[in-house]
Structures are given as structure tokens and as C-alpha cells.
Amino acid sequence: MSLSQFKPGQSGCITTLAASTIRRAVIRSICVKMVLSLCLFGQSKPGWVAGSGSLYTSPAGTRIGIGTSNPQSSLHIQSMSGMKIFSADESAGKIELASELGGWNLLGGNHFIIQDKNTLSNVVHIQDEAPSYTLYITSEGNVGIGTPNPQAKLAVNGAARMREVVVTLDGWPDEVFEADYLLRSLSEVAGFIDAHGHLPDIPPAAEVVANGVAVGDMQARLLRKIEELTLYLIELQGENRLLLQRIETLERR
């Protein structure tokens, strides 16, 4: 058996106790403001510890079962009511899985954290290496991919690829084809472009850079412009027909 001290200079102890029927091992590390301990109880053969159905250890401590006498992995938890993890004191609960890479520190390590919302807004946090923010789920239900502070239900700092996007809208610009729709004249549109540098009802470039684009709303705005262009073409086609008729009339004289 080999023992390693991960952080030299900090106090700690390993205690083993033996009796006629029970073996006990206690590993304890006393650090500033905290006491960490791990206690293992076992027998010379497989059996329950602290009563039937509580904690089961297999030979040589290779597997630990909680609620099961047939652990299938290093730690096997079985419960008819689901697995629940509680904090033994009044402090906020937290589960953190970290790798030894980077000395168990947040920087340089691989982390999976479930954090109580009373301490931090991140409920679920998966991070590879700071500032590489992999996945965050906040207590407000916001999901951040590549960003630690999502301000929407889904915030992605990077590219997204998908087969289809469905955007739910409250309306669609069919009113453009209604008889009472006020269609701007082309001269009015030209004057607006000269004054503002963009089409009416379309946001300018500075606004798009600052606030982004609402995809559904922009699709509706662009469709409105296409429908207005269609009306302009229909109107021009009617004017062209009248001009052709006049030309034909003049040619017959």
C-alpha cells in the first residue's frame, strides 16, 4: 500500500484500528477552517456495515454498495425512492467532481459542479479549463454554452449547427396585401434612404451590432419588404401596359 500527501505542509493523520471481528480505517486531514475525514468500516468477508441495507463492502474493499448487496462498480447506490444527497449541516449544498490535473484547482482542471443556488447562480457547471466555459445551467433556468453568465434561456458563445429552427411568432405581415394598407411611394422610400441610410422599418447597422438580430422578427420584416416590392412590381407592370397601349395607338395613326 502506498500513501501520498497531496499538499505537503498540511497536517493529517491515518489511523487503523483492529478488533476481533471489525476493522476500521480513518483518514483525516485537518486544514484551515475545515476538517475532512473518510472512514471505512469492513469485515474479513462481504457484509453490511451499520445494519442491513445501509452500507455493504465487498472483499478487500474493491466495491462499495449502498442499498445493495451486489455492487456492480466501485460505488453502487440503489434506492427505490431515487438517490438523494444532503448536506449534514446548515451550509449550502455542493457536489464537485474534479480531476487531479491542475492540482485539484478550478484553473487547469476538469470540473463538474452542482452548486446550491443560495451561494452561486450556477446550478450545474461543467468546465474544462478557465476561461473555457463549457456548460452552465443557472438557477433561473438559463443555459450557457461557452459563457458563464447566460442572460437568456439559451446563450451560445460560438457557432451552432442544426437541421431546422422553428420560431414561434404572434403574427405575419399578410396585411400588406389588404386594400387599406398604406404603401409608401418609391419617392418616399428614396427620401428615407437618403436621410437615414437604411430601409424603413429595418434597424441600422449600429443597432444590429449592439443588440443583435431577433431572427423571427427580422424574418417578418424582410418578408414585409418582399411583399412591398411585389406590390411595386405589380404597379409598375400596370403602368408599363398602359404605356405600351399608348405607344401602339400612336403607331397606328
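Listed values, structure above:
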item: Filtered residues of the range 195-219 (kept if more than 28 Å from the chain's Cα centre (by Cα), touching a residue at least 12 places away in the same chain (Cβ under 8 Å) and under 26 Å from GLU164 (Cα atoms)); result: ILE202
item: Any hit, the range 178-200, residues being within 30 Å of VAL123 (Cβ to Cβ), hydrophobic (A, V, I, L, M, F, W, C) and out of contact with any helix residue (DSSP H, G or I) (no Cβ under 9 Å at 6 or more places or on another chain); result: no
item: Some residue of the range 95-113 being assigned to a loop (DSSP other than H, G, I, E, B), among the β-branched types (Val, Ile, Thr), more than 23 Å from VAL215 (Cα to Cα) and at pLDDT below 70; result: no
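The values are calculated or read from the model by the stated rules, or taken from the named source; none is laboratory data. What you are looking at is a predicted structure, and each value in this text was computed from that prediction instead of being measured. Note: ideal-geometry Cβ built from the backbone for every residue, glycine included; neighbour counts use all protein chains shown.
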